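**Student:** Let me give you the structure first, and then I'll get to my questions.
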Amino acid sequence: MNIRCVEPDIVEVIGAKVATQIGGRVRDFRLVVRGKGVVLQGYCRPYHAKQLVLQAVLDVTELPILANEIRV
């Protein structure tokens, strides 16, 4: 994890807020910091859950999402 440009505490706060919003729809959900952005990782069953996670992250941070690597 590259946290040179983003504070690790911010990633924890974002992760906690997103986890609350998605309510367990994604297994092994992780936010990986790369440079000044984040990458979403994890596994979900319906594609709709992947979209909900993306929207939840957009709602709680202005950090750019570099990739959505959540597997359906």
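**Student:** Please enumerate the residues belonging to the stretch 26-44 that are outside any strand (DSSP E or B) and either open to solvent by 70 Å² or more (accessible area, probe 1.4 Å) or of a type in the set (Asp, Glu) (or both). Give the derivation first.
**Tutor:** From the stretch 26-44, those outside any strand (DSSP E or B) are 35-36; that's our starting set.
Hit for the stretch 26-44 is LYS36, nothing else.
**Student:** Still on this structure, I have one more. Within the stretch 35-55, track down each residue that is more than 10 Å from the chain's Cα centre (by Cα), farther than 11 Å from GLU69 by Cβ and either modelled with pLDDT of 85 or more or of a type in the set (A, V, I, L, M) (or both).
**Tutor:** Residues satisfying the conditions are GLY37, CYS44, ARG45, PRO46, TYR47, HIS48, ALA49, GLN51, LEU52.
**Student:** Determine if the stretch 6-25 includes at least one residue that is β-branched (Val, Ile, Thr), at pLDDT below 90 and in a strand (DSSP E or B).
**Tutor:** Initially, the stretch 6-25 is screened for residues β-branched (Val, Ile, Thr), giving 6, 10-11, 13-14, 18, 20, 22.
Still in the list and also at pLDDT below 90: 6, 10-11, 13-14, 18, 20, 22.
Then drop every residue that is not in a strand (DSSP E or B), which leaves none.
Within the stretch 6-25, not a single residue is β-branched (Val, Ile, Thr), at pLDDT below 90 and in a strand (DSSP E or B).
**Student:** Does any residue of the stretch 45-58 turn out to be open to solvent by 20 Å² or more (accessible area, probe 1.4 Å), closer than 19 Å to ILE10 by Cα and in contact (Cβ under 8 Å) with a residue 24 or more places away in the chain?
**Tutor:** No: the stretch 45-58 contains no residue that is open to solvent by 20 Å² or more (accessible area, probe 1.4 Å), closer than 19 Å to ILE10 by Cα and in contact (Cβ under 8 Å) with a residue 24 or more places away in the chain.
The values are calculated or read from the model by the stated rules, or taken from the named source; none is laboratory data. No experiment lies behind these values; they were computed from the predicted model shown. As a convention, Cβ positions derive from the backbone with ideal geometry for all residues, glycine included, and neighbour counts pool all protein chains shown. SASA here: full protein model, heavy atoms, side chains in, ligands and nucleic acids out. Shrake-Rupley method; radii C 1.70, N 1.55, O 1.52, S 1.80 Å.
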